[in-house]
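The values are calculated or read from the model by the stated rules, or taken from the named source; none is laboratory data. The model shown is predicted, which means the values in this text are computed figures rather than measured ones. Positions of Cβ are backbone-derived with ideal geometry, glycine not excepted, and every protein chain shown enters the neighbour counts. For the accessible areas, the whole protein counts, side chains as well, though only heavy atoms, and no ligand, DNA or RNA atoms are used. Shrake-Rupley method; radii C 1.70, N 1.55, O 1.52, S 1.80 Å.
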Amino acid sequence: MRPRNMGLSLLLVLVVACNKSNFTGYREASADRGNRISQFEKGLNFQEGFQEEKSLKKALSWYEKSASETNHVVEPNQTIIDIADRYGVLIKDMNALNPNMDVDNLKVGEKIIIPGYAKAMYHAGALHESGKGGIERNTAMAAKWYHSGAEAGDALAQFSYAYALEKGLGTGVDLKKSANWYRLSAEKGIGSAQQNLAQLHFRGMGVDKNLSEAYRWYSLASEYLEYDAAGAGENAAQEKAQLEKAIQTCGDSLSPEERIRVDRLIESFEPNR
């Protein structure tokens, strides 16, 4: 069974599923002032042509603005809440980037690093990977943004960076790191990550060969793949049959006691979101 790469096809499915943003004048001004969520939604508007002329280049530009760290200079009478609201970020995320910042005693002129938006990092990576809409395909830039999004906790970025590490797409091959990122994404309920993690356990690549873990993650993938565009491909029926065969092969290799134990883990699984 080949590893599953959702790539841009998943991105487009997810974008279409989103509600169309009502991009009011306030939201336009908010994006121009650096609000991460407004900038991200501006990118969605350009990508899908919801309220703008469709342009992947402009979408990428807004995604990268939303995804990039920037500096903010504290203004008179400005509080940390004011700054967090302006940029649409969490105070705890600003604290992580500014360990010496005293949130209760901000100084006028003090520079604060504002974090990027994790979802925008994933979307920027997907557009760089796609090579569509006049964007030059650049797997190194895609891997860079996937890595940033993975570090920031985005489940789809974690999957995509794991896949890049497994296949050497824009980065070196590192199966151990790939398995780790797949696991983090799998634990958040991304079916393609669950399937690819199972495959690594089945083959003993980057992790010890472990048919119990392979059975567990293959079984979970059979439940969660439908939620992340598993049926989008032409070979969906064939892939589903292969997955069912993998589940049976791994399950049959386990002792009755071990299979009961793993089945309980499967039944009690809840995505870590």
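To keep it simple, each residue is scored yes or no on (1) modelled with pLDDT of 95 or more; (2) open to solvent by less than 70 Å² (accessible area, probe 1.4 Å); (3) not charged (D, E, K, R).
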position: Glu48; (1), (2), (3): no, yes, no
position: Gln51; (1), (2), (3): no, no, yes
position: Leu56; (1), (2), (3): yes, yes, yes
position: Ala59; (1), (2), (3): yes, yes, yes
position: Lys65; (1), (2), (3): yes, no, no
position: Ser68; (1), (2), (3): yes, yes, yes
position: Val74; (1), (2), (3): yes, yes, yes
position: Gln78; (1), (2), (3): yes, yes, yes
position: Ile81; (1), (2), (3): yes, no, yes
Next item on the list: Name every residue in region 83-99 that is open to solvent by less than 90 Å² (accessible area, probe 1.4 Å), in a loop (DSSP other than H, G, I, E, B) and more than 20 Å from Arg33 (Cα to Cα), in order of residue number.
Entry: Asn98
Note to self: Of everything in region 36-67, what is in a helix (DSSP H, G or I) and of a type in the set (Asp, Glu)? Give them in sequence order.
What the structure shows: Glu41, Glu48, Glu64
Note to self: So, Trp181, is that one among the aromatic types (Phe, Trp, Tyr), modelled with pLDDT of 95 or more and open to solvent by less than 20 Å² (accessible area, probe 1.4 Å) or not?
What the structure shows: no
Note to self: Going by what's in this entry, would Lys188 be described as surrounded by fewer than 24 Cβ atoms within 10 Å (Cβ to Cβ) and more than 30 Å from Thr70 (Cβ to Cβ)?
What the structure shows: no
Next item on the list: Find the residue count for region 263-273, including only residues that are surrounded by 10 or more Cβ atoms within 10 Å (Cβ to Cβ) and under 27 Å from the mean Cα position of the chain (by Cα).
Entry: 5
Next item on the list: Pick out the one residue from Arg259, Arg264, Arg183, Arg216 that is of a type in the set (Lys, Arg), in a helix (DSSP H, G or I), without any contact (Cβ under 8 Å) to a residue 12 or more places away in the chain and more than 20 Å from Glu129 (Cα to Cα).
Entry: Arg264
Checklist line | Failed criterion for Asp174 (all others in (1) over 30 Å from Ile260 (Cβ atoms); (2) under 16 Å from the mean Cα position of the chain (by Cα); (3) open to solvent by 10 Å² or more (accessible area, probe 1.4 Å) hold) | finding: (2)
Next item on the list: Tell me, yes or no, whether region 193-205 has at least one residue that is under 13 Å from the mean Cα position of the chain (by Cα), on the phi < 0 side of the Ramachandran plot and in a helix (DSSP H, G or I).
Entry: yes
Notebook entry, point to check: Given the structure, is Gln195 surrounded by 15 or more Cβ atoms within 10 Å (Cβ to Cβ), at pLDDT 95 or above and among the polar types (S, T, N, Q)?
Noted result: yes
Item checked: Given (1) in contact (Cβ under 8 Å) with a residue 24 or more places away in the chain; (2) over 21 Å from Glu129 (Cβ atoms); (3) not in a helix (DSSP H, G or I), index of the condition Thr171 fails -> (2)
